[in-house]
Amino acid sequence: MAVATNKYFNPSWNVKRTICADGMFYAELNALLSKELAEQGYAGCQVRQSGTRTEIIIRATNANEVLGTEGRRIAELTRVVERRFGFEAGVGAVELYVERVRTRGLCAQAQAESLRYKLLNGLQVRRACYGVMRYVMEAGAKGCEVVVSGKLRAQRAKVMKFKDGYMIKTGQVCDDYIVSCVRNVMMRQGVLGIKVSIMLPYDPEGRDGPSVPLSDTVIVRPPKEDVVIPVEEPVAPPTPAVAALDGADVFVPRKD
């Protein structure tokens, strides 16, 4: 990710300082795009280094609005990033791309923004949270959890937690299957904190969920069909008397 044309990076830095600079660059970039593209369903970004060029892939639910008319909005964002982070302008040092989110119901960032706008429009907390959970579960998620904390009704702050489905809290599976997002809502009575956690479904192709199956999943396979092998009936060996008569002439007396 290190780029010589960016004031955040220097080729002479050691590995530790470069890693810290990469984290600071991504954090500030994510905060900037979250503020600018909140209404377009911003769902995260990915930074890739290609030679002397930095590519930033923006994931959003509404990709057309991020691009804008004839690509004007994405061009404006490119100039903002160049000025904000010190990229050399006009030489293509940084390029922005947009990727549309495949399933909006499985994106925690999109659901957190949706819940945030519902609360700002005056919808009741319980009704808004149940609507988000129902939408997530209908999209195919294994589980969903929504937490809202702050001054909900009275002056006393409290926490409301809503759960549905199956949710894992610890272990490596949590890192693979759980996606979470935290947002702050500036209400008139104070600041509300919301957190949306979604447990993704198993997807062998790795598109809508992780391709690694759960460790405790038990697969019951259908029994195999019985294969009938024909067995010939055993033939009893001939007795000695019958064997002696085989091939011999039998005398039959005449009846006069």
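The values are calculated or read from the model by the stated rules, or taken from the named source; none is laboratory data. The structure presented is a predicted model; accordingly, all values stated were derived computationally and were not measured. Here the Cβ is made from the backbone with ideal geometry for all residues, glycine too, and neighbour counts use every protein chain on show. The accessibility values were calculated without ligands, DNA or RNA, using every heavy atom of the protein model including side chains. Shrake-Rupley method; radii C 1.70, N 1.55, O 1.52, S 1.80 Å.
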Within the stretch 198-208, identify whether any single residue is β-branched (V, I, T) and modelled with pLDDT under 75, and answer yes or no. no
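Quick grid of which residues meet (1) open to solvent by less than 60 Å² (accessible area, probe 1.4 Å); (2) more than 23 Å from L120 (Cα to Cα); (3) of a type outside the set (A, V, I, L, M):
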residue	(1), (2), (3)
A27	yes, yes, no
S34	yes, no, yes
Q40	yes, no, yes
G44	yes, no, yes
S50	yes, yes, yes
N62	yes, no, yes
Does R207 count as within 9 Å of the chain's Cα centre (by Cα), basic (K, R) and over 18 Å from V146 (Cβ atoms)? yes
Top-ranked residue in the stretch 144-179 [being of a type in the set (V, I, T) and outside any loop (DSSP other than H, G, I, E, B); ranked as surrounded by the most Cβ atoms within 10 Å (Cβ to Cβ)]: V146
Condition set open to solvent by 30 Å² or more (accessible area, probe 1.4 Å) and in contact with a helix residue (DSSP H, G or I) (Cβ under 7 Å, 6 or more places away or on another chain), scope the stretch 204-215, selection farthest from Q111 (Cα to Cα): answer is S215
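Scanning for something β-branched (V, I, T) and assigned to a strand (DSSP E or B), does the stretch 197-217 turn up at least one residue?
Taking the stretch 197-217 as the starting set, the residues that turn out to be β-branched (V, I, T) are 198, 212, 217.
So of that shortlist, the ones also assigned to a strand (DSSP E or B) come out as 198.
Yes: the stretch 197-217 contains one or more residues that are β-branched (V, I, T) and assigned to a strand (DSSP E or B).
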Name the residue that is farthest from V173 (Cα to Cα), counting only residues in the stretch 125-143 that are in a helix (DSSP H, G or I) and hydrophobic (A, V, I, L, M, F, W, C). V125
The stretch 181-203 residues that are loosely packed, with under 14 Cβ neighbours inside 10 Å, paired with ones that are of a type in the set (D, E, K, R) (beta carbon under 7 Å, 6 or more apart): V182/K195; Q189/K151; G190/K151
For P234, the lone unmet condition from (1) closer than 23 Å to C107 by Cα; (2) open to solvent by 90 Å² or more (accessible area, probe 1.4 Å) is (1)
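Please go through the stretch 96-116 and give me each residue that is small (G, A, S) and either within 14 Å of the chain's Cα centre (by Cα) or open to solvent by less than 20 Å² (accessible area, probe 1.4 Å) (or both), ordered by number. Write out each step before concluding.
Taking the stretch 96-116 and keeping what is small (G, A, S), we get 105, 108, 110, 112, 114.
G105, A108, A110, A112 - these are the residues of the stretch 96-116 that are small (G, A, S) and either within 14 Å of the chain's Cα centre (by Cα) or open to solvent by less than 20 Å² (accessible area, probe 1.4 Å) (or both).
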How many residues does the stretch 55-97 hold that are touching a residue at least 40 places away in the same chain (Cβ under 8 Å), not in a loop (DSSP other than H, G, I, E, B) and not small (G, A, S)? 14
